[in-house]
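Enquirer: Got a structure for you, written out below as structure tokens; questions coming shortly.
The values are calculated or read from the model by the stated rules, or taken from the named source; none is laboratory data. What you see is a predicted model; the values in this text were computed from it and never measured. Note: ideal-geometry Cβ built from the backbone for every residue, glycine included; neighbour counts use all protein chains shown. These accessible areas exclude ligands, DNA and RNA; they are computed on the full protein's heavy atoms, side chains included. Shrake-Rupley method; radii C 1.70, N 1.55, O 1.52, S 1.80 Å.
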Amino acid sequence: MATDFGFKLSPSSTINMDRVDTTAFDTLVSMEPDVMKCISCGSCTATCTAGRFYDIGLRKVILYLQRGMEKEAVGMLRHCMLCGKCTMVCPRGLNTRHIILSISKIYKDIEQ
Ligand code: SF4
Ligand code: SF4
């Protein structure tokens, strides 16, 4: 019988990057090299027009893609209106709208 210590250990959320298939992300980088300039500052997420209504933010999308979580990333971008506000605030000068369009081209076969 397990002893109750009054607390539980959560399962590890560590991501083993050696096991992540980054083929699709590498394709994105070859099409949009600027994506590597992202510093995860979150300005795009803070100003996202759709972010007021949905869980969406380019910062998170890029992180998801780097971690091989393509379904989550593509599902998030479903709500993007291509308004371009994120492009205006990005301190690294990323053409975020272009990146979003490239992502939707590369990952178009992924079920949403
Ligand atoms: S282009 Fe898309 S991700 Fe960027 S601010 Fe507009 S709705 Fe948000
Ligand atoms: S604003 Fe630009 S640098 Fe900051 S998280 Fe978004 S894409 Fe990356």
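Enquirer: Give the residues of the stretch 67-84 whose amide nitrogen is closer than 16 Å to a point set 7 Å from the Cα of Val20 in the direction of its Cβ.
Expert: Residues 67-74 qualify, since their backbone N sits under 16 Å from the label point.
Enquirer: Would you list, by chain and number, the lysines whose Cα falls below 16 Å from the Cα of Lys105, excluding same-chain residues fewer than 8 positions away?
Expert: Lys71
Enquirer: Tell me, how many Å apart are the Cα centres for the stretch 1-29 and for the stretch 81-105?
Expert: 29 Å
Enquirer: For the chain, just the Cα atoms, rotate onto the principal axes and tell me the three extents in Å, largest first.
Expert: Here the Cα extents, ordered largest to smallest, are 57, 31, 27 Å.
Enquirer: Still on this structure, I have one more. Report the chymotrypsin sites (Phe, Trp or Tyr not before Pro) located in the stretch 3-112 that are in a DSSP loop and have at most 10 other Cβ atoms inside 10 Å of their Cβ, or state none.
Expert: Passing both the DSSP loop test and the Cβ count: Phe5, Phe7, Phe53.
Enquirer: Strictly under 4.7 angstrom between C-beta atoms: which cysteines of the chain have no such partner?
Expert: By the Cβ distance rule, which asks for a partner under 4.7 Å, the isolated cysteines are Cys38, Cys41, Cys48, Cys80, Cys83, Cys90.
Enquirer: Let me ask another. For the chain, with every protein chain kept in place, what is the accessible area per residue (1.4 Å probe, Å²)?
Expert: 69 Å²
Enquirer: Roughly to the nearest percent, how much of the accessible area of the chain is carbon and sulfur, given a 1.4 Å probe?
Expert: Its accessible area is 53 percent carbon and sulfur atoms.
Enquirer: Right, next: Evaluate the relative contact order of the chain (contact order divided by residue number), counting alpha-carbon pairs under 8 angstrom at least 6 apart; express in whole percent.
Expert: It rounds to 29 percent for the chain.
Enquirer: Contour minus end-to-end for His98 and Lys8, with contour as 0.36 nm per residue of separation and end-to-end as the Cα-Cα distance?
Expert: Gain in length upon complete extension: 27.9 nm.
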